[in-house]
Structures are given as C-alpha cells and as structure tokens.
Amino acid sequence: MTVRRVVPDIPTTPDGMAASRVFYERLGLEQVMDLGWVMTMASPSSPTAQITFGTEDPTAPTPADISVEVEDVDAVHAEVRASGAEIVRDLRDEEWGVRRFFVRDPNGKVVNVLSHRPDR
C-alpha cells in the first residue's frame, strides 16, 4: 500500500478560511486548491506538506479530521471494510476528481481516504 500524503483537515468559517490563507502564506505556504467550501495550502518546496481548511463538505455526513491520499483507494476500502472498522461514508467518485470514503479511527477521528482519479 502506498501513501502519497497525509493532510490535517481544519474546520473553519468563510472568514476563517480567508484569514487562514493570509496567515499560512506568511509561513511560506501557498494556496493550491480552492473550491469555495474547501481550500488547501501547500509548501512550494515540498508540495505534499499541506493543510486543508473547510467550511462544509457537501457530500459527506460529517467533516473529516484528516485526509490520507493512497495509491489505490479501492484496495484500502476493501481492507478497511474487512477489518470491521466503521465506514462513515461509503466509497464514491466526487465531481472534483477524487474517489474517496470516510472511516472512523480507533480514537473516534474521521479519516477521509482518497485517490485522485486517473481520468482527472
């Protein structure tokens, strides 16, 4: 199993998202994605060093605490399901180019497990 990146997901408000953009730019991060309700800041020199901020997640029943990008989300989903872990949101393709599911970790945190779709 290949993990490509691990990203903390920080819930915020629209004003908080704007303030976070300014704050983290001062720390050297740059905005690499903004869908209006979710924004990711990354290091220009190490692009897998990221932080995501979100005001909502329109396709999920609950916000994620952390995102883990993997090479093969279908294989990870099958393994997690077989383990008996609580699937919070089942596997699906999103219109913004990822395939993902949510699972609850042993600490009660919600993990967004995803892969970027090859057709995107």
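Which percent of the accessible heavy-atom area of the stretch 14-120 goes to carbon and sulfur, probe 1.4 angstrom?
50 percent
Which value, in Å², gives the accessible area per residue of the chain when a 1.4 Å probe is used on the protein heavy atoms? Walk me through the numbers before you get to the answer.
Numbers: 6810 Å² over 120 residues.
Here the per-residue accessible area is 57 Å².
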field: Given the chain, longest segment not containing exposed loop GluC sites (Glu not before Pro) (DSSP; at most 16 other Cβ within 10 Å)
entry: 1-55
- request: Working from Cα positions, state the angle (0 to 90°, nearest 10) between the long axis of helix 73-83 and the longest principal axis of the chain.
  value: 60 degrees
statement: Simple spin-label estimate for Asp15/Val88, 7 Å along Cα→Cβ, in nm, reads 2.6 nm
message: Helix-only estimate, please: 222 nm mean residue ellipticity of the chain, summing -39500 (n - 2.57) across DSSP H runs of length 4 or more and dividing by its residues, to the nearest 500.
response: -6000 deg cm²/dmol
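Over the chain, what lengths in whole Å, largest first, do the semi-axes of the equivalent ellipsoid take, defined as the square roots of 5 times the eigenvalues of the alpha-carbon gyration tensor? Please list the in-between numbers first.
Details: eigenvalues 123, 49, 35 Å².
With the √(5λ) rule applied to the chain, the semi-axes are 25, 16, 13 Å.
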task: Excluding Glu86 itself, calculate the net charge of residues whose Cβ lies under 11 Å from the Cβ of Glu86, where each Lys or Arg counts +1 and each Asp or Glu counts -1.
output: +2
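Using a cut-off of 11 Å between beta-carbons, work out the net charge of the residues near Arg4 (Lys and Arg +1, Asp and Glu -1, Arg4 not included). Could the numbers behind the result be given before it?
Details: positive: Arg5; negative: Glu69, Glu71, Asp72.
Net local charge, Arg4 excluded: -2.
The values are calculated or read from the model by the stated rules, or taken from the named source; none is laboratory data. Being a predicted model, the structure only gives us computed values, none of them experimental. Note: ideal-geometry Cβ built from the backbone for every residue, glycine included; neighbour counts use all protein chains shown. In case anyone asks, the SASA skips ligands and DNA or RNA and just uses the protein heavy atoms, side chains included. Shrake-Rupley method; radii C 1.70, N 1.55, O 1.52, S 1.80 Å.
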